[in-house]
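The values are calculated or read from the model by the stated rules, or taken from the named source; none is laboratory data. Computed from a prediction, not measured in an experiment: that's the story for all the values here. Cβ placement follows ideal geometry from the backbone for every residue including glycine, while neighbour counts extend to all protein chains displayed.
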Amino acid sequence: MLAAFWAYEGWNGIGFLGSEIKNPKRNIPIALFGGMAIIIAAYTLVNFTYLYVLPIDNLIDVFKSQNEVAAIAVIGSFAGVVGATILTILIIITVLGCTNSTILMPPRIYYAMAKDKLFFPKAGNIHPQYNTPVYALWIQGIWASVLVLSGSFDQLTDMLVFAAFFFYGATTLGVFIMRKKEPTLERPYKVWGYPIVPAFFLLFCAALVIITFFSKPREAMIGLMLMLTGIPFYFYWRKSA
């Protein structure tokens, strides 16, 4: 399931742009549900094709190899080397587009943290020409390069999904806390089905994190240790603020 959830990472990207979206109460749900519906339909059709072309045992072997791609294995089975090469090029092009949007979004968090004096101060600097958080982008690029050299693709994605759902759950818990502590706060966007929907999601996040500790203990522990390294930095910057 960790590998499957990796395929859907990016669904929350709209949240990084929330403060700049017009009529968020209407447009955020449309973006979330519309985008997810399109992706689910596309993935269902793609996986149906995989299973139709290749026996399930072959797909399991692709998964176990960790660094192979199912789509290339499927195309290679009937289109040979030429077909696999063409598809590889197409995948690289689409990955570059996805990477571009992925790179641009997270530095906004580092930028906001720096403005709140909870991160390196330079991360709050904006490039005078391109209007981007230039130092935040450099920090992310260096750290991403270190991670890429530290393990296989599947190990990195498992750690990412584990960490992501930990923070998804923490963010959802924050909704309950803020409703309790700040009941009169203006909320341009409110969660549908509160408190049932966020409570269900919070329980799911907790279950996935716990199960990962048993099914992928190495990835879970590394991911947890990486997250815990942020605690002393947080208290240091908070004290210095």
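Some observations on this one:
- Matching residues, segment 46-92, being β-branched (Val, Ile, Thr), under 16 Å from residue 4 (Cβ atoms) and surrounded by 13 or more Cβ atoms within 10 Å (Cβ to Cβ): 46, 62, 69
- Residue within segment 117-126 that is surrounded by fewer than 15 Cβ atoms within 10 Å (Cβ to Cβ), over 30 Å from residue 44 (Cβ atoms), touching a residue at least 24 places away in the same chain (Cβ under 8 Å) and not β-branched (Val, Ile, Thr) present: yes
- Condition check for residue 218: farther than 24 Å from residue 21 by Cβ, among the charged types (D, E, K, R) and assigned to a helix (DSSP H, G or I): yes
- Residues in segment 84-125 that are basic (Lys, Arg) and in a helix (DSSP H, G or I) were compared, and the one that is modelled with the lowest pLDDT is 108.
- Matching residues, segment 8-28, being surrounded by 14 or more Cβ atoms within 10 Å (Cβ to Cβ), in contact (Cβ under 8 Å) with a residue 24 or more places away in the chain and part of a helix (DSSP H, G or I): 13, 16, 24, 28
Table: residues versus (1) free of Cβ contacts under 8 Å to residues at least 24 places away in the same chain; (2) surrounded by 12 or more Cβ atoms within 10 Å (Cβ to Cβ); (3) among the charged types (D, E, K, R).
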{"site": "169", "(1), (2), (3)": "no, yes, no"}
{"site": "181", "(1), (2), (3)": "yes, no, yes"}
{"site": "189", "(1), (2), (3)": "no, yes, no"}
{"site": "192", "(1), (2), (3)": "no, no, no"}
{"site": "197", "(1), (2), (3)": "yes, yes, no"}
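- Under the condition of being in contact (Cβ under 8 Å) with a residue 40 or more places away in the chain and closer than 19 Å to residue 169 by Cβ, the residues counted in segment 225-241 number 3.
- Of the listed requirements (1) polar (S, T, N, Q); (2) under 30 Å from residue 62 (Cβ atoms); (3) out of contact with any Phe, Trp or Tyr (no Cβ under 9 Å at 6 or more places or on another chain), residue 157 misses just one: (3).
- Hits in segment 188-215 (condition: of a type in the set (A, V, I, L, M) and part of a helix (DSSP H, G or I)): 196, 197, 199, 202, 203, 206, 207, 208, 209, 210, 211
- In segment 221-230, the residue that is farthest from residue 154 (Cα to Cα) out of those that are assigned to a helix (DSSP H, G or I) and of a type outside the set (A, V, I, L, M) is 230.
- Test for residue 172: is it under 16 Å from the mean Cα position of the chain (by Cα), of a type in the set (S, T, N, Q) and in a helix (DSSP H, G or I): yes
- Residue 138, sole failed condition from (1) of a type in the set (Phe, Trp, Tyr); (2) at pLDDT 90 or above; (3) closer than 30 Å to residue 27 by Cβ: (3)
- Of all residues in segment 224-241, none satisfies the criterion of being in contact with an Asp or Glu (Cβ under 8 Å, 6 or more places away or on another chain) and surrounded by 14 or more Cβ atoms within 10 Å (Cβ to Cβ).
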